[in-house]
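S.K.: The structure under discussion is supplied below as structure tokens; questions concerning it will follow.
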There are 2 protein chains.
Amino acid sequence: MALSAVARLSRLWFPSGGIAASATEDAHSKLIRAGFLRQSNSGMFHMLPLGHRVQDKVERLVAKHMDDYLGASRVSLSSISAESLWEKSGRLSDVASELFRFTDRRDVSYLLAPTHEEEITTLVSRSVKSYKELPLRLYQITRKYRDEFRPRHGLLRGREFVMKDLYTFDTDVESALKTYDEVQAVYARLFSSLRLPVLAAKASSGSMGGNLSHEYHLPTPHGEDRVISCYSCDYTVNEEVADASPLGEVAPDTPVEIWRGITKDRTTLVNVWYPKWERLRDSGELREYTSEDINLAAVKALVPDLDTGVSDALSFWSTAIASGTQTATVLINVVDPRVKSTLPRYLNSAASELPGWPSAIGSPKTLATTLCHSEGRDGEPLSLLRIHTGDKCPRCSSGRLKVEKAMELGHTFFLGTRYSAPLGAAVALPSSPQPSPMQMGCHGVGISRVVGATAEHFADQKGLNWPMAIAPYSCVIIPGKDATDNDAQEVFHAINAVSGPGMETLDVALDDREKSLPWKLSDADLIGFPLIVVLGREWRSAGRVELQCRRLGIKQSVELSDLPGMVQHLHSEL
Amino acid sequence: MALSAVARLSRLWFPSGGIAASATEDAHSKLIRAGFLRQSNSGMFHMLPLGHRVQDKVERLVAKHMDDYLGASRVSLSSISAESLWEKSGRLSDVASELFRFTDRRDVSYLLAPTHEEEITTLVSRSVKSYKELPLRLYQITRKYRDEFRPRHGLLRGREFVMKDLYTFDTDVESALKTYDEVQAVYARLFSSLRLPVLAAKASSGSMGGNLSHEYHLPTPHGEDRVISCYSCDYTVNEEVADASPLGEVAPDTPVEIWRGITKDRTTLVNVWYPKWERLRDSGELREYTSEDINLAAVKALVPDLDTGVSDALSFWSTAIASGTQTATVLINVVDPRVKSTLPRYLNSAASELPGWPSAIGSPKTLATTLCHSEGRDGEPLSLLRIHTGDKCPRCSSGRLKVEKAMELGHTFFLGTRYSAPLGAAVALPSSPQPSPMQMGCHGVGISRVVGATAEHFADQKGLNWPMAIAPYSCVIIPGKDATDNDAQEVFHAINAVSGPGMETLDVALDDREKSLPWKLSDADLIGFPLIVVLGREWRSAGRVELQCRRLGIKQSVELSDLPGMVQHLHSEL
């Protein structure tokens, strides 16, 4: 067998730029300090050699799952989409504020595509005419664009990012749902190979359309979503679509608090009235509530025009009142059922008795007011406050819920005919010559986000710590001062001789940079190679190397002849 | 050895869309008809599965050349660049008309990068401070953008395209020129592995800057450049920078012709005076000249403000005259040396005697006029007419020149300090603590163009015809009606068992689509697989297959046991 060429770190560009670690450094700062990437503009990043290697491995892993387990065909669509197509689908105005838009030299309007339903549906509509050509599964891995209001956390919320998007086309709902289930199973397999404890949560379809969707969430304190899951049953949902928790009770004299929001047109104030505390039925514990506990999704269900991104609603509204731009309805009172009975007392109060009420505008009762109560399908009162860990599961009778902040890494949508109908993607069925719109699905995985989220999930004080599947190298060999380059090459070839299922992704490198052993060891910890092999003191005397694995707490002296077997074993564990 | 999974064409999306071939179909139309790609907007394309496979193979081949032969590190820069950076380099106004520009929600101005000198120089300037970190070679393969005035010929001139761009950083000119030579050698190796007869022609550096550059040209009738090469010596140049050919002679009574251009500000008319014919010195042959023979690069050297894209200069100028917007100098006469002596006669003529002269504006001598003659460094007269095939080589004494239309597939530039100086990329040298600007180079290969140009170069009446290195599959197995799927799998595994140097790129597929044998054979010809293996009539009776290779004119009956050896041999030939 020919020896493979030795991968040498001296040949790779590792810009450190002498960046010092801060005490509270997050994973994104570690990615910068270790030389994986640099920010070029707000929410935009240049991937450097290490970062490119990781991203490329994520892409290949995802592509393998699409090819081998879903039989999908890979395409690569233009990043530029004509606005006219988005007008046709009726989605342009919904998402306009998040689009990068421009015109060409002939004044044709384009946008940088954040997703490709319009383009791929049009493409398929022109070629596929018969049910015999379905099911069809097409995916791509390309850069996507979204002009985020507030880009943050590095790769976790960027304005330019790499995404895998899979589009599925079926003849009828039944086969489309079967496709949906298959995609769900492959997503579970994918995240498991990344060693990420991802939760598949039922989710809202938002501006995408359709009525069945799941988000794939990694629990993390940086997450911007909350996922609710039951310890006992398989109930797992995004808080936005959670069934309301059963109500507790509050004493009649419980003080109320007000959370204030405003509508998107800045003319209507929204007061959400909620109890300051509640005594829990079973534990007897007193739970205090703050504005953080308001379930905005539930409020939005009552006031769809609510702008959830505004923090000083009252000042906007005072301005509207002062300038006389307010409409007939200027105040909406949204009431949590627990304070329904105590509310009238407040509503009849003078302005001066209300917490934080601007006296200049008179008391609430002098204004045009709407009163809203949240109710379930059967008229039962629904809570406007968030579910807490420990609350009862609405699905099973016995379970308790867990609430976690989480980061969305993927999404699956069953779209039905949301795009195929307006864009004319239809096939003739055997039962009828009349073309019938295809049943579509779209299924994303945020490649850039997976890189950022994986970095964060495994990072510790010493540095990053990649799972084997996407590490920039699986294993780095570091020769100490008593070891020659030939010695290091011998170890390299010994490890590389390992073969067997899964071993084709084993990727060994030799750290031959002109630096000291301690510097290299600490750099290897920062970069986060899963395995480190050191040719240390015992190399010359006993032909033994030191095998290190920070994640599993391994640091042991190993005979060279035992090394390949151990690496193979650990490779499948990490 | 484990059997590899059988690649089946039935699992790939091949949209044919029932497009009929036209009699004069070009390679781009064949790429569409065979299902490689579709145009989405003018000059923008969606790559379909076959096209994505080819493009991906070109990318991997180019990456391998950068990694293995140049030791370059791969990065992946944002496609979006801030305009402010392009103002800093001073290039924004030069290239503005070809940029897609936009602003974000905070009114920051961005552009879709056509190339990345500004970004990468800034990135490197922030990390690299010492000569010890040089030489540095960084490359990427990403989408680039250029709002072409007239996109055409499919992938050959698009507005969105994939490019490999390599940037090199050296401490001094000497090492930068050594780097330049290395890149040139690797480019020769790359194009040779694509089986493309690419010419490395000395070229103009244009808006890129620097003073040494080469273009890598594939001769083709669709080419927009002309490359001049000598049959005897290694003189190879883009016509734009060709040394002027030695002058022939014209009889004193030879009639003159005028080619008319106008300056970019549309106020100054440019008349180029040239002879209607010339008697060639050595052959005695009479050569006629038309406006097609004007060497616009030579004219532009005299009148840098000339707009070469205008065809009706006279009407623009008449409008300028009529509206009184002309400046003091309104007419430039540029004179080919061959007609210098005959010109005064014309210039003193009345307007009515001049060919196509608008009588309304009076005779040329009544206008403010500049007279230009083209001269070499030593004052010798230089031709304004193009070099023709058969002209003498200006380098060697004996050679004859060949003029070919050609398509640029790559470019190398030695940039010197054009970007490192304004963007502050400098290193401390051992000789002086004062930072010295890095010596840079930039080196592109048009990935999309290579796909389009390779398609065109090898296509014939029957279809496309890919070189082995980038074919969507190296070899397709087509079972006839007497062969089972198991038979086809047997042949698949027999071929796949081939190993040896270079064989890792062997990529075999089985055409198991539900179509007839003749349909599959003609589709395989259209798609252009280098090798076709048919399980035909002799399969059942004698265990023989038919091996076809259109490029080499092979169609022969082969024993299954001989097949792997033959495939291996042909793989290295194609």
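The values are calculated or read from the model by the stated rules, or taken from the named source; none is laboratory data. Worth saying up front: this structure is predicted, and the values here are computed from it rather than measured. Glycine also receives a Cβ, built like all others from the backbone with ideal geometry; neighbour counts cover every protein chain displayed.
S.K.: Name the strands (runs of 3 or more DSSP E) wholly within segment A:171-288 that hold at least 1 residues that are among the aliphatic types (A, V, I, L, M) and touching a strand residue (DSSP E or B) at 6+ places or on another chain (Cβ under 9 Å)? Don't jump to the end; show me each part of the working.
M.R.: Numbers: elements: A:199-202, A:212-219, A:225-230, A:236-238, A:256-263, A:269-275, A:277-279, A:286-288.
In segment A:171-288, A:199-202, A:212-219, A:225-230, A:236-238, A:256-263, A:269-275, A:286-288 are the strands (runs of 3 or more DSSP E) which contain 1 or more residues that are among the aliphatic types (A, V, I, L, M) and touching a strand residue (DSSP E or B) at 6+ places or on another chain (Cβ under 9 Å).
Results for (1) more than 15 Å from residue A:31 (Cβ to Cβ); (2) in contact with a strand residue (DSSP E or B) (Cβ under 6 Å, 6 or more places away or on another chain); (3) part of a loop (DSSP other than H, G, I, E, B); (4) at pLDDT below 95, shown as yes or no for each residue.
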| position | (1), (2), (3), (4) |
| --- | --- |
| A:448 | no, yes, no, no |
| A:451 | no, no, no, no |
| A:456 | no, no, no, no |
| A:465 | no, no, yes, no |
| A:472 | no, no, yes, no |
| A:477 | yes, yes, no, no |
| A:481 | yes, no, yes, yes |
| A:486 | yes, no, no, no |
| A:489 | yes, no, no, no |
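S.K.: Sticking with this one: Taking only segment A:409-445 into account, find how many residues are outside any strand (DSSP E or B), over 12 Å from residue A:169 (Cβ atoms) and not aliphatic (A, V, I, L, M).
M.R.: 5
S.K.: Go through (1) of a type outside the set (D, E, K, R); (2) in contact with a Cys (Cβ under 7 Å, 6 or more places away or on another chain); (3) more than 23 Å from residue B:61 (Cα to Cα) one by one and return the number of the condition residue B:531 breaks.
M.R.: (3)
S.K.: What is the residue count in segment A:535-566 for residues that are touching a Pro at 6+ places or on another chain (Cβ under 8 Å) and closer than 18 Å to residue A:472 by Cα?
M.R.: 2
S.K.: Look at residue B:520 and say whether it is in contact (Cβ under 8 Å) with a residue 40 or more places away in the chain and either touching a Cys at 6+ places or on another chain (Cβ under 8 Å) or over 23 Å from residue B:194 (Cβ atoms) (or both).
M.R.: Yes; evaluated as a whole, the condition is true for this residue.
S.K.: Now a separate question. For residue A:54, indicate whether it is over 24 Å from residue A:117 (Cα atoms) and under 20 Å from the mean Cα position of the chain (by Cα).
M.R.: So residue A:54 passes the test.
S.K.: Follow-up question, since we're still on this one. Among the residues of segment B:107-116, which ones are hydroxyl-bearing (Ser, Thr, Tyr) and within 10 Å of chain A (Cβ to nearest Cβ)?
M.R.: B:110
S.K.: Which condition from (1) in contact with a helix residue (DSSP H, G or I) (Cβ under 8 Å, 6 or more places away or on another chain); (2) within 19 Å of residue B:42 (Cα to Cα); (3) at the interface with chain B (Cβ under 7 Å from one of its Cβ atoms) is the one that residue A:71 breaks?
M.R.: Unmet condition: (2).
S.K.: Residues in segment B:142-154: is at least one over 29 Å from residue B:44 (Cβ atoms), within 14 Å of chain A (Cβ to nearest Cβ) and either buried (at least 22 other Cβ atoms within 10 Å of the Cβ) or of a type outside the set (Phe, Trp, Tyr) (or both)?
M.R.: no
S.K.: Need the failing condition index for residue A:82 against (1) of a type in the set (Gly, Ala, Ser); (2) within 19 Å of residue B:14 (Cβ to Cβ); (3) facing another protein chain (nearest Cβ under 7 Å), just the number.
M.R.: Here residue A:82 meets the rest and fails (2).
S.K.: Could we say that residue B:436 is surrounded by fewer than 24 Cβ atoms within 10 Å (Cβ to Cβ), more than 20 Å from residue B:505 (Cα to Cα), touching a residue at least 60 places away in the same chain (Cβ under 8 Å) and more than 30 Å from the chain's Cα centre (by Cα) here?
M.R.: So residue B:436 passes the test.
S.K.: Here's a follow-up. Taking the stated definitions as given, is residue B:215 modelled with pLDDT of 95 or more, surrounded by 15 or more Cβ atoms within 10 Å (Cβ to Cβ) and out of contact with any Ser or Thr (no Cβ under 7 Å at 6 or more places or on another chain)?
M.R.: When the stated conditions are applied, residue B:215 passes them.
S.K.: Sticking with this structure for a sec: Going through segment A:117-141 one residue at a time, which ones are polar (S, T, N, Q), crowded, with 20+ Cβ neighbours inside 10 Å, facing another protein chain (nearest Cβ under 10 Å) and within 22 Å of residue A:70 (Cα to Cα)?
M.R.: Across segment A:117-141, the qualifying residue is only A:140.
S.K.: Can I ask one more? Residue B:389: assigned by TED's automatic domain parsing to the domain that holds residue B:134 and either surrounded by 17 or more Cβ atoms within 10 Å (Cβ to Cβ) or under 31 Å from the mean Cα position of the chain (by Cα) (or both), yes or no?
M.R.: Values: assigned by TED's automatic domain parsing to the domain that holds residue B:134: no; either surrounded by 17 or more Cβ atoms within 10 Å (Cβ to Cβ) or under 31 Å from the mean Cα position of the chain (by Cα) (or both): yes.
Judged against the criteria, residue B:389 is not a match.
S.K.: Does segment A:157-166 hold any residues that are away from every other protein chain (no Cβ under 11 Å) and touching a strand residue (DSSP E or B) at 6+ places or on another chain (Cβ under 6 Å), and which are they?
M.R.: The first filter runs over segment A:157-166 and keeps only residues away from every other protein chain (no Cβ under 11 Å), leaving A:157, A:163-166.
Selection gives A:163, A:164, A:165, A:166.
For (1) in contact with a strand residue (DSSP E or B) (Cβ under 8 Å, 6 or more places away or on another chain); (2) more than 9 Å from chain A (Cβ to nearest Cβ), each residue gets a yes or a no:
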position	(1), (2)
B:7	yes, yes
B:32	yes, yes
B:35	no, no
B:58	no, yes
B:63	yes, yes
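S.K.: Take segment B:289-312 and flag every residue that is aliphatic (A, V, I, L, M), closer than 24 Å to residue B:344 by Cβ and part of a loop (DSSP other than H, G, I, E, B).
M.R.: B:303
S.K.: Would you check if there is a residue in segment B:324-338 being at pLDDT below 65 and either surrounded by 13 or more Cβ atoms within 10 Å (Cβ to Cβ) or closer than 19 Å to residue B:293 by Cα (or both)?
M.R.: Yes, segment B:324-338 contains a residue that is at pLDDT below 65 and either surrounded by 13 or more Cβ atoms within 10 Å (Cβ to Cβ) or closer than 19 Å to residue B:293 by Cα (or both).
S.K.: While we're looking at this one, here's another question. What number of residues in segment B:85-106 are more than 8 Å from every other protein chain (Cβ to nearest Cβ) and farther than 24 Å from residue B:125 by Cα?
M.R.: Residues that pass the stated criteria total 5.
S.K.: With the structure loaded, tell me whether residue A:168 is in the same structural domain as residue A:448 (by TED's automatic domain parsing), among the β-branched types (Val, Ile, Thr), in a helix (DSSP H, G or I) and modelled with pLDDT of 95 or more or whether it fails that test. Before you say what the answer is, go through the steps one by one.
M.R.: Values: in the same structural domain as residue A:448 (by TED's automatic domain parsing): yes; among the β-branched types (Val, Ile, Thr): yes; in a helix (DSSP H, G or I): no; modelled with pLDDT of 95 or more: yes.
No.
S.K.: Within segment A:148-165, can you find the residues that are out of contact with any Gly (no Cβ under 6 Å at 6 or more places or on another chain) and at pLDDT 95 or above?
M.R.: A:160, A:161, A:162, A:164
S.K.: Related question: Can you tell me which of B:271, B:295 is over 27 Å from residue B:323 (Cβ atoms) and either more than 29 Å from the chain's Cα centre (by Cα) or crowded, with 18+ Cβ neighbours inside 10 Å (or both)?
M.R.: Checking each option against the conditions leaves just B:295.
S.K.: Would you check if residue B:179 is of a type in the set (S, T, N, Q), within 14 Å of chain A (Cβ to nearest Cβ) and crowded, with 16+ Cβ neighbours inside 10 Å?
M.R.: no
S.K.: Restricting attention to segment B:492-512, report how many residues are part of a loop (DSSP other than H, G, I, E, B) and at pLDDT 95 or above.
M.R.: The total comes to 2.
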